[in-house]
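Only one structure is covered here, and it is reproduced in the block below.
The values are calculated or read from the model by the stated rules, or taken from the named source; none is laboratory data. Model, not experiment: these values are computed from the prediction. Cβ: placed from backbone, ideal geometry, glycine included. Neighbour counts: every protein chain shown. SASA here: full protein model, heavy atoms, side chains in, ligands and nucleic acids out. Shrake-Rupley method; radii C 1.70, N 1.55, O 1.52, S 1.80 Å.
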Amino acid sequence: MASRKNLKRKSPEDFVFQLDELNQDLLERVLSWLPTSTFLRLSSVSKRWKSAATSPVFHSACSQIPSRDPWFYMVDSSQSSEFKNQQHFVYDSSEMNWKFLNYPSNFLEEKQQNDSLNLSNFLPVAASGGLLCFHDSENAEFVICNPVTSSFRKLPSFDYSDTLCAIGMISIQEAYKVFLIFGETPNLSCRIYNSVTNSWEESAFLSRKSLQSCSTDDDEEDDDRVLYFLSKCGNVVATEIQKNPCKQYSSITTTKDGQEILCFLNSSGKVMVCNLAEKHFFEYPRLLPLHHEYSIDLVECGGELFMVVLSELLETASLRVWRFDEKEWTWNQVLAMPAAISHEFYGKKVDINCSGTGEQMFVCISNSADESCRYFLCNLIGNEWTELPACSGVDGYFSCAFSFQPRIEASV
């Protein structure tokens, strides 16, 4: 029997397990748990690791990961109006830094070869899961793109004459849908693209749903009075909310009780709620009184709708987050930016653009007068606000914000 004195205690180095000793399938399952940025950076370690990026086993394993830390997609509005010359950045919340995105080169070449298409009007308008939706308003074209892999799909084209007022998108497992809302209240209609059939459904009329608590006499009187809002250009305008091109059709799309719900701000600042399954819509009551100057945006976090408002009152500025209580039929404040920060925006006529996912909300506050911008990330659970560093590659300010999960396996 060996003496205890002869037994050597193994050091931690003796238990190091080499990933290369795993078979390929198991290796790819392990790699699928890496943050997307880390995997892309480490894919150059070896040919074996690089080959995982296109492996069906790796993609299947990635799809089993419940969620990824979001990337917040931005467009540098200080660049040339032509999309091919614009810079596109994301803020990576997992590594807490900015990244530059290359626009899909093969798609860009295809567009350049067709002289009838104008790149200057081709802008991001919606996002869901790991995909972004781009829209060319001049030619009524839509493209779905995975910003991580640069893969894309050009959707079937169709002609429409009605006014397009909202664009939404939702991902369901390996499929996705794009929703278009046309018209002006109360004459609204919708059209839906389904990636499974690669086709647009026929246009459907949305009826107004009569809810006793939806409207009051005061609301009906308000519609005919002059409203004042802070425009997306930093000026006070009457009657309508002015939006920058990227946010012109922005909406929030969620699923509630198995039904797809799309919410958007109409031109007078009311939240329109469209039930796309039952083909009806209704309005939430106005949040702020008339004659207030404010910038406003909608954001979705964890499947819930929030309204973010930056307003001025009594020589102070406040940024508050509201959630609508459908049982009480009223807006309730749930979060607020610390007053020491929000008051810095008093009198500067700034514009807010927001995006959210899970427990995080990204707030972009831009000032077109001096082309400056500040960025904040809010943790909804603890109402914790963190100011993010400026992006060193941008001389001006960002004009929009969309969030998506960086998923290599997301298919267009």
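When segment 131-144 is filtered for residues that are open to solvent by 10 Å² or more (accessible area, probe 1.4 Å) and either under 21 Å from residue 101 (Cβ atoms) or small (Gly, Ala, Ser) (or both), the ones remaining, listed by number, are 137, 140, 141. The number of residues in segment 368-377 that are within 17 Å of residue 343 (Cβ to Cβ) and hydrophobic (A, V, I, L, M, F, W, C) comes to 1.
Screening residue 43 with (1) open to solvent by less than 30 Å² (accessible area, probe 1.4 Å); (2) modelled with pLDDT of 85 or more gives one miss only, at (2). For the residues 311, 342, 318, the requirement of being open to solvent by less than 30 Å² (accessible area, probe 1.4 Å), modelled with pLDDT of 90 or more, out of contact with any helix residue (DSSP H, G or I) (no Cβ under 6 Å at 6 or more places or on another chain) and hydroxyl-bearing (Ser, Thr, Tyr) singles out 342. Could you tell me whether residue 304 is in contact with a Lys or Arg (Cβ under 6 Å, 6 or more places away or on another chain) and over 18 Å from residue 376 (Cβ atoms)? Criteria not met by residue 304. You will find that of 203, 210, the residue that is modelled with pLDDT under 90, surrounded by fewer than 20 Cβ atoms within 10 Å (Cβ to Cβ) and closer than 17 Å to residue 277 by Cα is 210 and no other.
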